[in-house]
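Here's the structure, in structure tokens; my notes come after.
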Amino acid sequence: MNWIDNFVRPKIRSILGQKRDIGENLWVKDPESGEMVFYRDLEANQWVVPNSGYHMKIKPVDRLKTFLDDGEFTLVPVPSVATDPLKFRAQKRYIDQLKENRAKTGYDDSVIVATGKLYERPVTVAVQDFDFLAGSLGMAAGQGIITGLETAAERKTPFVLFVASGGARMQEGVLGLMQMPRTTVAVLRLREAGLPFFVVLTNPTTGGVTASYAMLGDVHIAEPGAMIGFAGARVIEQTIREKLPKGFQRSEYLYEHGMVDMVVHRHNLRATIGSLAGILTRAEPSAALAGAPALTDRSSLRDAALAAETDDGDLATPPPGAHAE
């Protein structure tokens, strides 16, 4: 058998030729409708399924490119922190998990900070990457959020945070949990500087992140269908011994109950936040927003959302979004 495995089969494969490499993941299945969508069509549509409006995960770089003017941004270095301070080990060593995720995503941790312009106005943006250990909040991620807030305060710009997280990082124990009060202090410093803090809640936003900086913004915007909460629905049902209502912990449910200010389609986030930033900073009218209906300092959040949705400079208003991935 060894002779067959080691010599005959390789010889046959060499004669017949190697199997051609075929690109994987050319088609992506919509979890909501089951529709198969070509991945380049999804990419061109900001990873929103064209027919159903289902919001899929989007990579941080793609998020920044579609959000900022001309897709141009400058990454802000995040100070390094101690790696694996508790020498944690489960099925894998924590240090090995970090190496794997850094190789997979190309970033040191789950939070990326960048500066750029939004409708010709300077802005600081941070994006939480769910692909990096479920976007969990550890010392490095906490330092990333703080760096973004401090950068915004120094540059005197609005701060926009795209959140996606499974909660605090258990591999760092209490050191991970301490990022909740640390980031809260940084948010208060930005508020003292009189600068707006916009939080965009994407799917999912849970745990200690929801219990800290994700709910401390001046304006809370949620993508359609995003799951937002602290504890999981199953844990809540087991605790209160009641069946939760349909759509519980989804963006639309939270909007109806006053937990978020608005639910905005991904295509309209840029115009919505651009309009709100101009209102809250009392900035001069931007020529880039000239196509949108006039907004004044007394304009409401609803006015800004409606203005963004009718902005001819952006993509046409798509159908209502379904649950996000």
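The values are calculated or read from the model by the stated rules, or taken from the named source; none is laboratory data. Given the structure is predicted, the values throughout are model-derived calculations rather than measurements. Positions of Cβ are backbone-derived with ideal geometry, glycine not excepted, and every protein chain shown enters the neighbour counts. Calculation scope for accessible area: heavy atoms of the full protein, side chains included, ligands and nucleic acids excluded. Shrake-Rupley method; radii C 1.70, N 1.55, O 1.52, S 1.80 Å.
Among residues belonging to the stretch 127-152 that are among the charged types (D, E, K, R) and surrounded by fewer than 23 Cβ atoms within 10 Å (Cβ to Cβ), point out the one that is farthest from Ile112 (Cα to Cα).
Our first condition is that a residue be among the charged types (D, E, K, R); within the stretch 127-152, this holds for 129, 131, 150.
With surrounded by fewer than 23 Cβ atoms within 10 Å (Cβ to Cβ) added as a condition, the list becomes 131, 150.
On the way: Asp131: 12, Glu150: 14 Å.
The residue in question is Glu150.
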Residues that are out of contact with any Ser or Thr (no Cβ under 8 Å at 6 or more places or on another chain) and of a type in the set (A, V, I, L, M), at least 1 per element: which helices (runs of 4 or more DSSP H) completely within the stretch 182-269 meet that?
233-240, 251-256
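Here is a yes/no grid of residues against (1) out of contact with any Pro (no Cβ under 7 Å at 6 or more places or on another chain); (2) open to solvent by 10 Å² or more (accessible area, probe 1.4 Å); (3) under 30 Å from Asp70 (Cα atoms):
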residue: Glu223; (1), (2), (3): yes, no, yes
residue: Thr239; (1), (2), (3): yes, yes, no
residue: Gly247; (1), (2), (3): yes, yes, no
residue: Gly258; (1), (2), (3): yes, yes, no
residue: Asp261; (1), (2), (3): yes, yes, yes
residue: His265; (1), (2), (3): no, yes, yes
Please identify the pairs in which a residue from the stretch 252-267 that is touching a residue at least 40 places away in the same chain (Cβ under 8 Å) has its Cβ atom under 6 Å from the Cβ atom of a residue that is of a type in the set (Val, Ile, Thr) and not in a helix (DSSP H, G or I), counting only partners at least 6 apart or on another chain.
Asp261/Val219; Met262/Ile221; Val264/Ile221; Arg266/Val48
When you go through (1) open to solvent by less than 10 Å² (accessible area, probe 1.4 Å); (2) among the hydrophobic types (A, V, I, L, M, F, W, C); (3) touching an Asp or Glu at 6+ places or on another chain (Cβ under 9 Å) one by one for Val209, which number turns out not to apply?
(3)
Complete set of residues in the stretch 87-102 that are within 18 Å of Gly176 (Cα to Cα), open to solvent by 90 Å² or more (accessible area, probe 1.4 Å) and either among the hydrophobic types (A, V, I, L, M, F, W, C) or in a loop (DSSP other than H, G, I, E, B) (or both)
Lys87
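Kindly indicate whether Ala231 is open to solvent by less than 40 Å² (accessible area, probe 1.4 Å) and free of Cβ contacts under 8 Å to residues at least 60 places away in the same chain.
Working: open to solvent by less than 40 Å² (accessible area, probe 1.4 Å): yes; free of Cβ contacts under 8 Å to residues at least 60 places away in the same chain: yes.
Considered against the rule, which asks whether it is open to solvent by less than 40 Å² (accessible area, probe 1.4 Å) and free of Cβ contacts under 8 Å to residues at least 60 places away in the same chain, Ala231 comes out as yes.
Can you confirm whether Ala152 is closer than 29 Å to Gly194 by Cα and not hydroxyl-bearing (Ser, Thr, Tyr)?
Numbers: closer than 29 Å to Gly194 by Cα: yes; not hydroxyl-bearing (Ser, Thr, Tyr): yes.
Yes; evaluated as a whole, the condition is true for this residue.
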Given the criteria open to solvent by 30 Å² or more (accessible area, probe 1.4 Å) and farther than 30 Å from Gly173 by Cα, does Ala44 qualify?
yes
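Of all residues being among the hydroxyl-bearing types (Ser, Thr, Tyr) and outside any helix (DSSP H, G or I) in the stretch 146-181, which is nearest to the chain's Cα centre (by Cα)? Just the residue, please.
Selected residue: Ser165.
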